[in-house]
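A quick write-up on the structure given underneath.
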Amino acid sequence: MDISGVLALKFVVFIFVQGIYCDTECDCNTNKALMELIQKDYLQMRLENFKIMSRLRRLEISKQTVSTQSDSLTAKGSSQSKAGDGLDKLDANYANVKAQSERMKSMEAKITNITAQSEKVKHDIEVKHAKTAKNLERIDKIEDNIIKIEEKLGVMNRNEASSTNGYKMAFDLRNFVRKSLLAEKTGRLMFASDIRIQIENIKHSFSEFKTETATLVHNQSVSLSTKHEAFTEQMTRQVAEVNRQIHTDIGDITLELNKVTEKVSKMSTTLNEITDEDKTDTDCYDVLNKENNAGSGVYSVNLWKSKRTIKVYCDMNTDNGGWTVFQYRFNGSVDFYRNFSEYETGFGNLETEFWLGLKSVKEMASQGKTELRLDLTAADGTTAYETFQNFYLDEGPNYTLHIDHGTGTAGDSHGLSYNNGHHFSTYDADRDGISSKHCAVKDHGGWWYAKCAFANLNGEYVTPGTKRPGNAERGMIYTSFQFLKSLKAVKMMFRRV
């Protein structure tokens, strides 16, 4: 090829490139640059096509998933319609249908979401289609430029016969580009047509799916409503029947109850009459409650636990009465220096001086809350008293004393509460609270000795108002009242509160 042919070829390529990409600022002066640009645009279109097809496949998979869920729900709904008519099965069916309704609502939401995604994909495809149309317009422009190049090449063919080889090369290049562009245009037209067809098919499939789903939801709702109405009607009838039966039963039961109540009332009246006649007195408190005008004296009582019948002396005058006297001394006629067995069972005479016995006192004081009272008389006739709440004795042989602090006129700073919590001792049963002495022997009595005592009401009876020679504590004393002077009289008694 001569120089004129090379120049002509360069001119043809320059005109060709400039005609195609006249709207850019790129410096594309070679065939290689032109082909690279064409190939790059083609690859970009292939990438966009791949993205669109991927989205279409995801939409198809979503459609199949929703259809599978719908078929499953439909199968469950048909199987549940065969449930039994019992209340329990009806409740289960009601709950399942309600759950299906909730799942159908969730499915509708998914369908709405998928439809929105489909619309977005459709919009994206339309945008790509618009870009494809622009690319086709560019191809048309390229074809127009090729026609112009052909015309220019014809002129060059007529004027320069020596440029045959250059013209042939340009002509081959034109044919190659023209075929490539034509194939690209045809491919894009077919791709756009295929995209439109797939979009229409998907829209049609989703329209049918939405129609089927709406029908399923409607049928399930109607079935649910029908079952709910039937259940409500059945329950209403049963409740009405139960209420009617309950009212009938209540009437019958009330009538019977009135009859029984009347009989019980009569029996209770009779029982009270019998009880009042046969009631056994267990202490002087019972005697007072049974006989309002009972006077002080000796009464027979039956102990509440052992059922033993014993005689007791009741004080019905002091502080509203009802006191059971268990120790009384006023003249020294009875010796109180006794052994433990006698103090346990009792001794003396209820009409004069006596000790009732620890065993009987313990049992009677255990019936309930009990108070202890001491009545003291001095040599000059002065009297005083002291009461102690929560009085009781432990089981024998200790018969431990339990009392609260005393209240009254005798005083208790050096009184009986000093002996609280100590065992009962006699000359033959040393249970006092001191090991170096034998208080029962030292103080000549039987008592709840601690380290001996400030109150020694079972001590030796000596001339009232005097101190026993040699050992004043040996006498019948109560230190808080008359210090160590012997008392004239003492009475110990208890009463239930």
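Right, Thr400: among the hydroxyl-bearing types (Ser, Thr, Tyr), closer than 18 Å to Arg496 by Cβ, touching a residue at least 24 places away in the same chain (Cβ under 8 Å) and open to solvent by less than 30 Å² (accessible area, probe 1.4 Å) or not? Spell out the reasoning first.
Values: among the hydroxyl-bearing types (Ser, Thr, Tyr): yes; closer than 18 Å to Arg496 by Cβ: no; touching a residue at least 24 places away in the same chain (Cβ under 8 Å): yes; open to solvent by less than 30 Å² (accessible area, probe 1.4 Å): yes.
Considered against the rule, which asks whether it is among the hydroxyl-bearing types (Ser, Thr, Tyr), closer than 18 Å to Arg496 by Cβ, touching a residue at least 24 places away in the same chain (Cβ under 8 Å) and open to solvent by less than 30 Å² (accessible area, probe 1.4 Å), Thr400 comes out as no.
Give the number of residues within segment 360-383 that are assigned to a strand (DSSP E or B) and either among the basic types (Lys, Arg) or open to solvent by 30 Å² or more (accessible area, probe 1.4 Å) (or both).
Going residue by residue through segment 360-383, those that are assigned to a strand (DSSP E or B) are 370-377, 383.
Next, only the ones that are either among the basic types (Lys, Arg) or open to solvent by 30 Å² or more (accessible area, probe 1.4 Å) (or both) stay: 373, 375, 377, 383.
Looking only at that region, the number is 4.
Of all the residues in segment 321-380, those that are among the acidic types (Asp, Glu) and within 60 Å of the chain's Cα centre (by Cα) number 3. Considering segment 384-397, and only residues there that are in contact with a strand residue (DSSP E or B) (Cβ under 6 Å, 6 or more places away or on another chain) and not in a strand (DSSP E or B), the residue that is surrounded by the most Cβ atoms within 10 Å (Cβ to Cβ) turns out to be Phe391. Remark: Gly357 falls outside the filter, which requires a residue to be under 25 Å from Arg431 (Cβ atoms) and open to solvent by 20 Å² or more (accessible area, probe 1.4 Å).
Among the conditions (1) crowded, with 18+ Cβ neighbours inside 10 Å; (2) under 30 Å from Gln367 (Cα atoms), the only one that Asp430 does not satisfy is (1).
Taking Lys141, is it at pLDDT 70 or above, out of contact with any strand residue (DSSP E or B) (no Cβ under 6 Å at 6 or more places or on another chain) and under 22 Å from Leu189 (Cα atoms)? Break it down into steps so the answer makes sense when it comes.
Numbers: at pLDDT 70 or above: yes; out of contact with any strand residue (DSSP E or B) (no Cβ under 6 Å at 6 or more places or on another chain): yes; under 22 Å from Leu189 (Cα atoms): yes.
Yes, satisfied.
Restricting attention to segment 358-407, the residues being polar (S, T, N, Q) and more than 15 Å from Ser480 (Cα to Cα) number 8. Just for segment 210-229: of the residues that are more than 30 Å from Asn113 (Cα to Cα) and without any contact (Cβ under 8 Å) to a residue 40 or more places away in the chain, which one is most open to solvent (accessible area, probe 1.4 Å)? By that ranking, first place goes to Glu229.
When segment 461-472 is filtered for residues that are open to solvent by 50 Å² or more (accessible area, probe 1.4 Å) and not basic (Lys, Arg), the ones remaining, listed by number, are Tyr461, Thr463, Thr466, Pro469, Gly470.
The values are calculated or read from the model by the stated rules, or taken from the named source; none is laboratory data. If you're wondering where the values come from, they're calculated on a predicted model, not measured in any experiment. Don't worry about glycine lacking a Cβ; one is built from the backbone with ideal geometry, like all the others, and counts go over all protein chains shown. Please note that ligands, DNA and RNA were not included when accessible areas were found on the heavy atoms of the full protein model with its side chains. Shrake-Rupley method; radii C 1.70, N 1.55, O 1.52, S 1.80 Å.
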